[in-house]
Amino acid sequence: MKKAKPPVKTGDVIEMEITGLSHDGAGVGKYQGFTIFVPQTVPDEKVRVRVQVVKKTYGKGEAIQVLKSHPSRTEPPCPIYHECGGCQIQHLQYPAQLEHKRQQVADHFERIGGMQVPVLPVLGMENPWRYRNKAQVPLGWEDGKVKAGFYAAGSHRIVDMEACLIQHEANDQAVRKVKELARELKIPIYDETKHQGCLRHVMVRTGFHTGELMIVLVTNGKKLPHRDKWVEALRKEFPALKSLIQNINSKRTNVVLGPENEVLWGRDVIYDRIGEVTFAISPHSFFQVNPVQTQVLYDQVARYAGLTGREVVIDAYCGIGTIALYLAQNAKRVYGVEIVPAAVRDAERNAKINGMDHVTFETGAAEEVLPRWYEEGIRPDVVVVDPPRKGCDRVLLDTLVSMQPERLVYVSCNSATLARDAKYLAECGYRVQEVQPVDMFPQTGHIENVAMFKLENYLK
Ligand code: SAH
């Protein structure tokens, strides 16, 4: 059958109703049966749209006028919201953000999973601003001025930014100071088109519970002019500074960090805590970016895991071992598996810091390591999985089913693949009891979920 031609072309101005939100928070609706995504709109709104992109099966447009606005619309507080693209739903009041996210998860279970499951109200933040503990900001040079901010949508032009409202205040202050010093000390700013200049990015991390600050200056090559002045000025300005690092990235690449770190002053890590567990964080470490909600998320994982201290637990896709160590506080034995070797090294170091010798980590693909563990006779009572967006590998799910744990806790950053995997698990006897969404990224379209599965007819 020949597909109908799209009813619009680029540049057309049309009027349409918004009927839903896409997974990344854009409004979406149909125009003469053709799907069009319109960022920064709200379901039930009527909008005038300029069509920007037309593909075979969908289009994308820009709202140029809201003809009928929804009561949950609000004025976005951030002055650069429209240009930046880092947040997608600041124009929605927070309770409406949470309800949209919950609805989306329930829809995925129904449409993709073919099941109706209790999706609880989203656990949101009391103050859904200034929650990020990590900033990563590119520097640029324009009209004789140093800029630090973000890339304008679809380009590598840097838009200057004085503040980011979802960023921890200390991170904003550090970025501003680095920008000021780069101006004062006349540091050559990196020009990516010529692959020349020195300072490329500034990365800042704040330990939310410890207050410790790490500043990383990413340079093209080993030379950093006025090294001593950087150290002196940043130490003076930030008493919380515990680690000042130069990261060397000499490649033509969009990857922010290069492989080499040199400590300019202080330690090579900062520390932070999740609950009672301490973590060392280096420039390269993956660490959850919303520390307040990470604890909410892990407490929910712990609740679903229902540990009494006697259980054997597996944490698959464990990253730097955060969930494994959190649960180890109340388990007999914990095994973690993760594919990135550096993350496993962090996990092992973190186990030592916390004096936990009943936790073992292994490097490898979960779908290869778990079958081996199964052959070795490891029989967990509880398995936690926290896979990347694409969800769990089929071999991994089959191995889980063979291991027959009583409970399975599935942490997911993508409810579509969670629902797909839930459908498969249901066919194997594991039923979703409940799904608890947690808002790890307020103002953005992302939502994290914890789903609890139980083995039906569990006998052990
Ligand atoms: N549980 C951790 C991190 C989860 S992110 C936390 O809460 O912080 C998902 C992790 O899965 C990443 O660290 C990624 O490197 C890892 N990963 C991706 N594919 C994998 C695979 N096939 N096997 C094991 N780990 C994998």
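Just a few scattered comments:
- For region 32-136, the per residue solvent-accessible surface stands at 53 Å², with DNA, RNA and ligands left out and a 1.4 Å probe.
- For residue 92, the residues 5 or more places off, or on other chains, whose built amide H falls under 5 Å of its own are 74.
- Region 13-152: relative contact order in percent, alpha carbon pairs under 8 Å with at least 6 residues between: 15 percent
- Put simply, the amide H of residue 336, placed in the peptide plane, has neighbours under 5 Å in 315, 360, 361, 362, leaving out anything fewer than 5 places away on its chain.
- Accessible area per residue for region 229-283 is 50 Å², calculated with a 1.4 Å probe on protein heavy atoms, without ligands, DNA or RNA.
- Beta bridges per DSSP with both ends in the chain, % antiparallel, nearest 5: 65 percent
- Length gained when the stretch residue 352-residue 308 is fully extended (0.36 nm per residue, less Cα-Cα span): 13.6 nm
- Relative contact order of the chain, defined on C-alpha pairs under 8 angstrom at six or more residues apart (%): 12 percent
- For the peptides 281-290, 15-24, 118-127, the ranking by mean Cβ contacts within 10 Å, running from highest to lowest, is 281-290, 15-24, 118-127.
- Sequentially through region 430-447, phi angles give Karplus couplings (6.51, -1.76, 1.60; θ = phi - 60°) of 9, 9, 5, 8, 5, 10, 10, x, 10, 8, 7, 9, x, 6, 10, x, 7, 9 Hz, Gly and Pro residues having no value and appearing as x.
- Cα gyration tensor shape for region 1-120, rounded if a/c is under 1.5, else prolate or oblate: oblate
- Extension gain from residue 23 to residue 456, taking 0.36 nm per residue of separation minus the Cα-Cα distance: 152.7 nm
- Taking region 62-160 as the region of interest, the number of lysine pairs whose Cα atoms are within less than 29 Å, with members eight or more places apart or on different chains, is 4.
- Kirkwood hydrodynamic radius of the chain, from the reciprocal of the average inverse Cα-Cα distance over all distinct pairs: 24.2 Å.
- Using the average count of surrounding beta-carbon atoms within 10 Å as a protection proxy, the listed peptides 35-43, 140-148 rank, highest first, as 35-43, 140-148.
- Considering helices alone, the calculated mean residue ellipticity of the chain at 222 nm is -8000 deg cm²/dmol, with DSSP H runs of length four and up weighted by -39500 (n - 2.57) and normalised per residue.
- Backbone phi angles across region 354-360, fed through the Karplus curve with coefficients 6.51, -1.76 and 1.60 (θ = phi - 60°), yield HN-Hα couplings of 8, x, 9, 9, 9, 10, 10 Hz in residue order; Gly and Pro are listed as x.
- Amide H contacts of residue 434 (H built 1.01 Å from N, in plane; Pro and chain starts excluded): 452 sit under 5 Å, all sequence-distant by 5 or more or on other chains.
- Residues in region 171-211 average 41 Å² of solvent-accessible surface per residue, probe 1.4 Å, ligands and nucleic acids excluded.
- For region 136-195: rounded, prolate or oblate by the Cα gyration tensor [a/c cutoff 1.5]: oblate
The values are calculated or read from the model by the stated rules, or taken from the named source; none is laboratory data. Since we're looking at a predicted model, the values are computed, not measured. Neighbour counts run over all protein chains shown; Cβ positions are idealised from the backbone, glycine included. These accessible areas exclude ligands, DNA and RNA; they are computed on the full protein's heavy atoms, side chains included. Shrake-Rupley method; radii C 1.70, N 1.55, O 1.52, S 1.80 Å.
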